[in-house]
Amino acid sequence: MNNIIDVNIDKIYEAVPASTVNALKGEIEAANKMLYDGNGKGNDFLGWVGLPQSITPEEIDTIKKCAASLDSLAEVIVVVGIGGSYLGAKAVLEAMSDSFQLLHKKQDKPIIVFAGQNLSEDYIYELLAALQPYKIATIVISKSGTTTEPAVAFRILKKEIEKRYGKEEASKRIVAVTDMAKGALRTLATQERYATFVIPDNVGGRFSVLTPVGLLPLAAAGINIAELVRGAQDMAKATGPDVPFEKNPSAIYAAARTALYRKGYKIEILASYNPKLQYVSEWWKQLYGESEGKEGQGIFPASVTLTADLHSMGQYIQQGERSLIETVISISKPAHSVVIESDAENLDGLNFLAGKRVSEVNRMAEIGTMLAHVDGGVPNISITLPEINEYYIGALLYFFEKACGMSGYALGVNPFDQPGVEAYKKNMFALLNKPGYEAAGEELRKRL
Ligand code: PA5
């Protein structure tokens with residue numbers, strides 16, 4: 001067992017033997033080395049590799065000070081962003097938050113809500129309505145500074161903040177996280193004198209959770225970002241280029257999924273038995289989907305939250321088309337204890353569970369499901385975290401990033417670009433008559 005998180009691939013060996021996985025050792029180690037040497041594809045986007053180690057206590061303090069200043073002004077902070085400028089903060093926040101936070105009367109920290117991750121008019125209308133009784137501030141995040149969804153949401157929120165507080169005060173309630181020099185958001189932030197944080201040039205959106213993209217909203221929510229970073233730092237050491245393949249958890253995971261993909265397994269389902277991890281799965285889907293899904297290749301990343309989805313997707317996983325891998329994130333120790341009591345009448349027939357903790361029932365559901373799915377032809381990879389806290393979540397995020405870099409290189413693609421994301425944007429701009437897209441718009445309308 002790795003001392004941070006445990007990766008167990010024993011239950012894939014019916015699909016691909018250990019010898020096949022071990023035969024990838026050289027390839028995966030070489031891929032890991034390329035991430036450090038910078039001689040692979042997309043090598044101008046490798047800033048995330050050494051990012052945890054480069055974060056200084058001073059940087060963390062600066063982020064915390066800015067968060068504290070927003071906290072002192074606002075009861076609700078709207079974090080505006082999409083994709084990599086949204087999912088990391090959302091994932092960690094959900095993992096670390098009380099599931100019923102909104103029912104607790106007393107809020108020590110501002111409530112964090114998100115916008116700019118969709119173009120739903122109802123969403124933005126309902127957000128503006130819900131914000132009315134509260135003091136508000138916003139953190140607007142866009143690396144390119146030109147992404148339509150957050151730009152639209154931010155234009156609306158900016159107007160709302162200026163209307164309420166005036167332009168001068170608005171500039172204290174808005175913080176921008178964007179490129180050092182380029183993009184409309186940088187121009188706007190300079191002009192309006194917003195406080196800003198920089199997303200390094202060499203860190204792509206989906207690898208940016210440990211930059212101010214993730215750290216600032218999380219600090220504002222009261223998350224211990226120093227611990228998050230410490231977990232990532234320790235995982236960076238545990239997955240370094242000098243760590244032997246057998247001891248490197250990211251290498252083992254990358255090798256296992258590479259071996260399975262080459263054997264014909266095309267879909268990987270990330271599963272967890274704790275709903276707090278639902279957005280870790282969403283973050284993971286972006287990470288792997290954008291990094292590997294190109295050139296007609298790549299595992300399709302999907303996710304389920306169990307046991308809920310055993311009552312929906314469970315049927316397919318057990319008996320549908322056999323091209324699935326299931327990767328389960330297990331948590332060894334829940335934060336709280338709830339024991340199922342005995343009942344004198346036992347009308348529900350559950351006295352066989354009396355005295356057991358709910359987590360024990362959950363654990364047996366997990367083991368039973370794993371064996372059933374393996375028997376049904378779904379290879380299982382198990383990733384175990386001792387518990388959910390900032391340290392282990394930070395470690396988990398970096399673990400996945402590193403494995404993604406390695407398996408992307410093993411696949412032969414550039415894991416750090418996302419050229420396919422542009423296609424919908426071009427059509428949307430054309431249909432909206434953005435200057436420069438008129439002819440394309442005409443062509444598209446003919447097809448409708
Ligand atoms: O991973 C990526 O680079 C993308 O998904 C981006 O994060 C997303 O498109 C948002 O981009 P931006 O931060 O430039 O607004």
> Can you give the net charge of the other residues whose Cβ lies under 10 Å from the Cβ of D201, counting K and R as +1 and D and E as -1?
Replying inline: 0
> So, counting K/R as plus one and D/E as minus one, what does the shell of residues with Cβ under 14 Å around G83 add up to?
Replying inline: 0
>> I'd like the antiparallel share, as a percent to the nearest 5, of DSSP beta bridges with both residues in the chain.
In response: 10 percent
>> Strictly greater than 28 Å: what percent of every Cα pair in the chain meets that?
In response: 54 percent
> Given the Cα atoms of region 2-41, and with Rh set as the inverse mean 1/r over their pairs in the Kirkwood sense, what is Rg to Rh to two decimals?
Replying inline: 1.10
> Taking Cα atoms, how many degrees apart are the long axis of helix 358-375 and the longest axis of the chain, rounded to 10 and kept between 0 and 90?
Replying inline: 70 degrees
> Along its principal axes, what span do the Cα atoms of region 18-61 show, with the longest given first and each in whole Å?
Replying inline: 48, 23, 11
> If you wrap a convex hull around the Cα atoms of region 125-223, how much volume per residue is inside, in Å³?
Replying inline: 104 Å³
> Among all the aspartates and glutamates, which ones have a C-alpha under 17 Å from K237's C-alpha, if same-chain residues fewer than 8 places away are not counted?
Replying inline: D6, E29, D37, E227, E246, E401
>> If I model a spin label as a point 7 Å beyond the Cα along the Cα-Cβ vector, how far apart are those points for Q53 and D37 in nm?
In response: 1.7 nm
> Could you give the nm distance between label points at L73 and Q107, where each point is 7 Å from its Cα heading toward the beta carbon?
Replying inline: 1.7 nm
> Long-range amide H contacts for L119: which residues qualify at under 5 Å (H placed 1.01 Å from N, peptide plane, sequence gap of 5 or more or a different chain)?
Replying inline: none
> Among 322-333, 230-241, what's the highest-first ranking by average C-beta atoms within 10 angstrom per residue?
Replying inline: 230-241, 322-333
>> So for the chain, averaging the separation of alpha carbon pairs under 8 Å that are six or more residues apart and normalising by length, what relative contact order in percent results?
In response: 24 percent
>> I need to check one value: relative contact order of region 21-164, counting alpha carbon pairs closer than 8 Å and at least 6 residues apart, in percent.
In response: 29 percent
>> As an exercise, find the ratio Rg/Rh for region 273-325 from alpha-carbon atoms, using the Kirkwood inverse-distance average for Rh.
In response: 1.02
> In degrees between 0 and 90, to the nearest 10, how far off the longest principal axis of the chain does helix 57-73 point, with axes built from Cα atoms?
Replying inline: 60 degrees
> Taking the Cα centre of each part, how many Å lie between region 1-53 and region 107-139?
Replying inline: 39 Å
>> How many angstrom lie between the Cα centre of region 378-448 and the Cα centre of region 195-268?
In response: 15 Å
> Binned at 5 Å from 0, what are the whole-percent values of the Cα-Cα distance distribution for region 9-111, short to long?
Replying inline: 2, 8, 10, 13, 15, 12, 12, 9, 8, 7, 4, 1
> Within region 188-220, what residues put their amide N at less than 14 Å from the label point 7 Å along the Cα-to-Cβ vector of K182?
Replying inline: 199-205
> Residue separation times 0.36 nm, minus the C-alpha to C-alpha distance between L431 and S323: what's the value?
Replying inline: 35.1 nm
> Taking 0.36 nm per intervening residue step and subtracting the Cα-Cα distance, what contour gain separates D98 from V421 on full extension?
Replying inline: 112.9 nm
> If you bin the C-alpha pair distances of region 345-448 every 5 Å from 0, what whole percents do you get?
Replying inline: 2, 8, 9, 9, 9, 11, 10, 9, 8, 8, 7, 4, 2, 2, 0
> Could the peptides 188-194, 45-51 be put in order, highest first, of the mean number of other beta-carbon atoms found within 10 Å of their residues?
Replying inline: 45-51, 188-194
> Once fully extended, how much extra length lies between S332 and E192, figured as 0.36 nm per residue of separation less the alpha-carbon to alpha-carbon distance?
Replying inline: 45.6 nm
> What whole-number value in cubic angstrom gives the convex hull volume per residue for the C-alpha atoms of region 195-265?
Replying inline: 134 Å³
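Quick note: the coordinates plus some simple rules give every number you see, no bench work behind them. Keep in mind the model is a prediction, meaning the values are calculated, not measured. Neighbour counts are summed over all protein chains in view; Cβ atoms, including those assigned to glycine, are modelled from backbone coordinates with ideal geometry.
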